[in-house]
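Here's the structure, in structure tokens; my notes come after.
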Amino acid sequence: MVDRILGRGREAREGHEGRGDQAPDAPAADPKAAVWARVQLARNLRRPRILELLAVIADEFVELHGDRLFGDDEAVVAGFARIEGRRVVVVGQQKGADTEENVRRSFGMPHPEGYRKAMRVMELAERCGLPVVTFVDVPGAHPGPESEERGIAEAIARSVGLMSRLRTPIVTVITGEGGSGGALAIAVGDVVLALENAVYSVISPEGCASILWRTTDEAPTAALAMRMTADDQRALGVVDLVIAEPGEGAHADHAETGRRLKTAITEQLDRLAAIPVEVLVEQRYRRYRSLGAYAELAGPAPTPPVPPRGGLADRLRGLIEAGQRAIPAPLPVGRRDEPPAREDV
Amino acid sequence: MPMKFPSFRSRREDYPEKMWTRCPSCEEQLFNKQLEKAMNVCPSCGHHFRLSATMRLSQLLDDGSFVERDPGLVSVDPLGFVDQKPYPDRVAAAQLATGLRDAAVWGTGRIEGMRIAILVMDFGFMGGSMGAVVGEKVARAAEGALEEGIPLVIVSASGGARMQEGTLALMQLVKTMAALERLRAARVPYVSVMSDPTTGGVFASYAAMGDVNLAEPNALIGFAGARVGAGTIGQELPPGFQRSEFLYRHGFVDRIVQRADLRQELAQVLRFLAPTQPWGKEAARG
């Protein structure tokens, strides 16, 4: 079953849009299990991150460190690389291979200084006229108090803003987990690629389930509802191109995954290099300006409902017995108990 | 209407009754009319209640100056999202409860005579969550401010991105930030006002990025939910974590402003931001 959903014959399926929630050639049996299997693949510990991929893709790599403000965050890797002769700036998240490395890299969850390092290096790319390639694989930005103290939200907002106007081509690859704002902060691009078993979501399925279903046991249901697989994201227009993974998945064959990625990245770099930078930035603005679905109705907004007004007896009782009992109102005017629809990090 | 008899069921906490509201902070029973006169701030302890978009607009703007723009934008259901209720049902229920079409209202108005573009959010509409409609309105407000060369004011009240719209909601962070970057490049000022609560993707995009950031006292402002943070990291949270004062102490908020002073302080700040040359496209034409 897992083999079946690993996207054999992906090329043949190209262009076939709107398959819905079900993995393409999986038997109709259990779409939920199929999606959940993909989430597990995206989180596979042996999945290649930026450093493993660069070892295959890049002829040369020079890592740069530090945000010049606070420190160096090892959850984010940034530097110069040469890909088949093309000089580029690379940025990506890096999880650790063992516990010790994971502690050093805070389990791949960047602090604000990680994103500020990314911004510094991307601004350098803009000044030097080098294109940017980003590799996204992150459960989310670091959610701890020190992250909040140093302004994780400000760092993400600023990075997203910077990438939206950066005057150099940006190719983004979602290689594993695209975890909400922590992913997006380095995932704004002229073209967004995704590996076949990568996932991308506004909140982790566990977080979504715990808010909307009030239990993390429903995480697979939430994963299915959010349509977070690479194929679904392409159908929604968030991802432009899905790259098939070899065999059992990227974790089983770093070399072949890297080779396929290299082909796709160089193709995109060459395509984008031919576009004048003014046009490029305007196209990028349009790309994101048009994402999201809404309808536009004619006429003004509906008038707010008039709060129900009880009879005299009701009002008197309200005065006398205030605080003693609740008066059930037909319309919950002013009631504010909708669960906050907030996303994870 | 049939006569109702007193029920002896235990009262629900914090449930605003028709005439009385209990302050969640000091437990005082407040007469609704008195509360409204005090701009929905508890007269005894200063607790700032959440405001509807309509009330916020009427508190901030010169009387009768507000003209709503793009009132027709409504959410659709791009994912076919169903949790315990289908997404369209949630939207319909929120519309019925608030009289709004979505969680944000934008338009133009005047504050102490100065013309501004203003967007206010309403937490009562699905937790003020940002989907495509809110993102689109923020972008149009920024583009409108740029076009006319008038300052932009956004009053945030939101739990973050709307999960029911998946990554399309996440993409609104880019849409809004890209529009604000253009505003900034044209040197048109933008003032962000954060009210309770301003969290998640709204805080991690336009709310955090004002040229001047104002916040109401004791508002919850943060990126990760405290539950997420404490649960994942297993750390003790510092006192007052993710409140306005915490943000102020760490340098992300310029001023904490009492609601009663907000209109006047906003106007004061805007007068300082007023250009010596016309802003935006006006400037380009001139």
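Just so you know, all these numbers are worked out from the coordinates, no wet-lab data involved. Keep in mind that this is a model prediction, so the values were computed, not measured. Virtual Cβ from ideal backbone geometry, glycine too; neighbours counted across all protein chains shown.
What to note about this one:
- Computed over the stretch B:20-129, the alpha-carbon pair-distance distribution with 10 angstrom bins reads 13, 33, 32, 19, 3, each value a whole percent.
- Inter-label distance, nm, simple model (7 Å from Cα along the C-beta direction), residue A:43/residue A:62: 3.9
- Hydrodynamic radius by Kirkwood, which averages 1/r over all alpha carbon pairs of chain B, in angstrom: 20.0
- Ratio of Rg to Rh over the stretch A:42-154 (Cα coordinates, Kirkwood Rh, two decimals): 0.97
- For the stretch B:34-42, 3J(HN,Hα) per residue [Karplus equation, 6.51 cos²θ - 1.76 cosθ + 1.60, θ = phi - 60°, Hz, x = Gly/Pro]: 5, 4, 5, 5, 8, 6, 6, 10, 4
- Length released on extending from residue A:286 to residue A:126, taking residue separation times 0.36 nm less the Cα-Cα span: 55.6 nm
- Label point distance in nm, residue B:249-residue A:256, each placed 7 Å from Cα along Cα→Cβ: 5.5
- Packing-based order for A:89-99, A:279-289, using average beta carbon neighbours within 10 Å, highest first: A:89-99, A:279-289
- Each residue of the stretch B:123-139 is assigned a 3J(HN,Hα), and the resulting list reads 5, x, 8, 6, x, x, 5, 9, x, 4, 5, 4, x, 4, 5, 4, 5 Hz, derived from the Karplus form 6.51 cos²θ - 1.76 cosθ + 1.60 (θ = phi - 60°), x at Gly and Pro.
- Take every Cα pair under 8 Å whose residues are at least 6 apart in sequence, average their separation, divide by the length of the stretch A:4-289, and the relative contact order is 20 percent.
- Taking amide H as placed 1.01 Å from N in the peptide plane, the amide H of residue A:64 sits under 5 Å from that of A:78, A:79, A:80, each at least 5 places away or on another chain.
- Calculated FRET efficiency for the pair residue A:146/residue B:19, C-beta based, R₀ 45 Å, to 0.05: 0.45
- Under 5 Å from the amide H of residue B:130 lie the amide H atoms of B:160, B:161, B:162, each residue being 5 or more positions distant or on a separate chain, with H modelled from the backbone and absent for Pro and chain starts.
- Value at 222 nm in deg cm²/dmol, rounded to 500, when DSSP H runs of n ≥ 4 in chain B each add -39,500 (n - 2.57): -10500 deg cm²/dmol
- Extension gain, residue B:84 back to residue B:68 (0.36 nm per residue minus Cα-Cα distance, nm): 2.4 nm
- Globularity ratio of the stretch B:87-171, using Cα Rg and 2.2 N^0.38 Å: 1.14
- Unsatisfied cross-links (Cα-Cα over 32 Å) in the set A:32/A:117; A:262/B:175; A:117/B:85; B:18/B:175; A:32/B:137; A:32/A:95: A:32/A:117; A:117/B:85; B:18/B:175; A:32/B:137
- Cα centroid separation - the stretch B:108-146 against the stretch A:94-141, whole Å: 33
- Using the Karplus relation 6.51 cos²θ - 1.76 cosθ + 1.60 with θ = phi - 60°, the per-residue 3J(HN,Hα) values for the stretch A:259-276 come to 4, 5, 5, 4, 4, 5, 5, 5, 4, 5, 4, 5, 4, 6, 5, 7, 8, x Hz, with x marking Gly and Pro.
- Once the C-beta distance of residue B:37 and residue A:271 is scaled by a Förster radius of 41 Å, the resulting FRET efficiency is 0.05 to the nearest 0.05.
- Distant-in-sequence amide H partners of residue B:112 (H built 1.01 Å from N, under 5 Å): B:62
- Equivalent ellipsoid dimensions for the stretch A:4-289 as semi-axes, Å, which come from the Cα gyration tensor, largest first: 28, 23, 18
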